[in-house]
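Here the structure comes first, spelled out in C-alpha cells, and everything after it is commentary.
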Amino acid sequence: MKKTDPIILAFVGKGGVGKTSLSAAAVRLLAKNNPGKKILAIDADPAVGLATALGVDAGLTVDDIRKSFVKQAEKGNTGTALELLSEAKYRMIDAVTENGDVSFLAIGRPEGAGCYCKVNAYLKEIIAMIAGNYDFIVIDGEAGIEQVNRRVMEKVTHLILVSDASKKGLQVIKTILSVAEEMVMFEKTGTVINRIPDMALAACLEEKGLEILSIIPDDREMAINDAKGNSIYSLAETSALIRGTETALRKIGVIHGE
C-alpha cells in the first residue's frame with residue numbers, strides 16, 4: 001500500500017448488532033490516536049444512524065446529488081446532467097460535513113421502496129473519487145451482504161465483521177466473509193462479537209473458527225447514552241464499547257502504542 005493511500009475500515013454484519021456504535025467509536029479512537037490526520041466517516045446504511053452517533057447535523061446526502069442528475073436527465077437536459085456528473089467530485093464537497101479533522105458523508109435514504117443498487121453504485125464511485133483526500137475512512141455498512149456483493153467496498157483495507165452471539169448473526173458474517181473473499185480487495189479482516197449477555201459464552205465463540213478481534217459485553221452505559229440521544233463523545237473511555245473497539249483496532253493493527 002502506498003504511503004498516501006488511506007486506511008479504509010468497513011464495519012459489516014446483520015442489522016441490530018451495533019455496527020453504527022462501533023463505527024462511531026472507531027472514528028473517535030482514530031481521531032484521538034492520530035492527531036492532525038484527516039478522517040472521513042461514511043454512513044452507508046440507509047437507516048441513517050451514524051450522524052446521530054457522531055453528533056453531526058448532516059444536510060445534503062449522496063442520494064440527493066444522484067437525484068439531481070436523474071432529474072436533469074428526465075427533463076431531457078442531458079448536457080446539464082453530464083456536466084453535473086463530471087463535477088460530482090466537487091459537488092461532494094457540499095455533501096461533506098466538516099468537524100475539525102473528522103468529516104462526515106451520508107448515503108441518504110432513497111424515497112422509493114426497493115433496491116438501493118443505484119445509490120450504492122454511485123457511492124462506490126464517490127468513495128473512489130474522494131478517498132485520496134483522507135488518511136482514514138470509516139464506513140458504517142448497511143445491514144447484510146448487498147454492498148459487499150455489489151463491490152461498493154471493493155478496495156477496503158480492513159473488513160471488520162460485527163455480530164452478536166446469535167446463530168443468525170454469525171451465519172451472516174460468515175456469508176459476508178465468503179463473498180468478500182471473492183469481491184473485495186481487503187488486506188485484513190477480523191470479527192467483533194458485540195452485546196454478549198454473558199461473558200461465559202466467550203470461550204464457545206472463540207471455538208467457531210473466526211478471527212476474533214474483540215468480545216464486548218452488553219454495555220448499559222452505552223444503552224443509556226443512546227436513550228438520551230447523546231453522541232459517542234459523551235461516553236466514558238472506560239465504557240465496554242470504547243474499550244472493546246480499541247482492543248479490536250489494536251489487534252487489527254490500525255492503532256498502536258499504549
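Sort the following peptides by mean Cβ neighbour count (other Cβ atoms within 10 Å, averaged over residues), highest first: 231-244, 9-22. Mind showing how you got there, number by number?
On the way: 231-244: 17.3, 9-22: 24.5.
Packing order, densest peptide first, comes out as 9-22, 231-244.
Collect residues whose amide H, placed 1.01 Å from N in the peptide plane, falls under 5 Å from the amide H of Ile139; neighbours closer than 5 in sequence don't count.
Amide H to amide H, under 5 Å and 5 or more residues apart or across chains, Ile139 pairs with Leu9, Ala10, Phe11, Ile42.
With every protein chain present, what accessible area does Val56 have (1.4 Å probe, heavy atoms only), rounded to the nearest 10 Å²?
Roll a 1.4 Å probe over it and Val56 shows about 30 Å².
Once fully extended, how much extra length lies between Ser178 and Asn99, figured as 0.36 nm per residue of separation less the alpha-carbon to alpha-carbon distance? If you can, show how the numbers build up before the last one.
Working: separation 79, 0.36 × 79 = 28.44 nm, distance 3.62 nm.
Between Ser178 and Asn99, full extension yields an extra 24.8 nm.
What spacing in nm lies between the two simple spin-label points modelled at Ala227 and Lys167, each 7 Å away from Cα in the Cβ direction?
Taking the simple label geometry, Ala227 and Lys167 are separated by 3.1 nm.
Just list whichever of Lys19/Lys188; Lys188/Lys251; Lys19/Lys251; Lys14/Lys168; Lys19/Lys67; Lys19/Lys168 have alpha carbons separated by over 20 Å in the model shown. The partial results should precede the final answer.
On the way: Lys19/Lys188 18 Å; Lys188/Lys251 11 Å; Lys19/Lys251 18 Å; Lys14/Lys168 8 Å; Lys19/Lys67 27 Å; Lys19/Lys168 15 Å.
Too far apart for the 20 Å limit: Lys19/Lys67.
The values are calculated or read from the model by the stated rules, or taken from the named source; none is laboratory data. Model, not experiment: these values are computed from the prediction. Note that each Cβ is placed from the backbone with ideal geometry, even for glycine, and that neighbours are counted across all protein chains shown. Note: accessible area is taken over every heavy atom of the protein model, side chains too, but ligands, DNA and RNA are not part of it. Shrake-Rupley method; radii C 1.70, N 1.55, O 1.52, S 1.80 Å.
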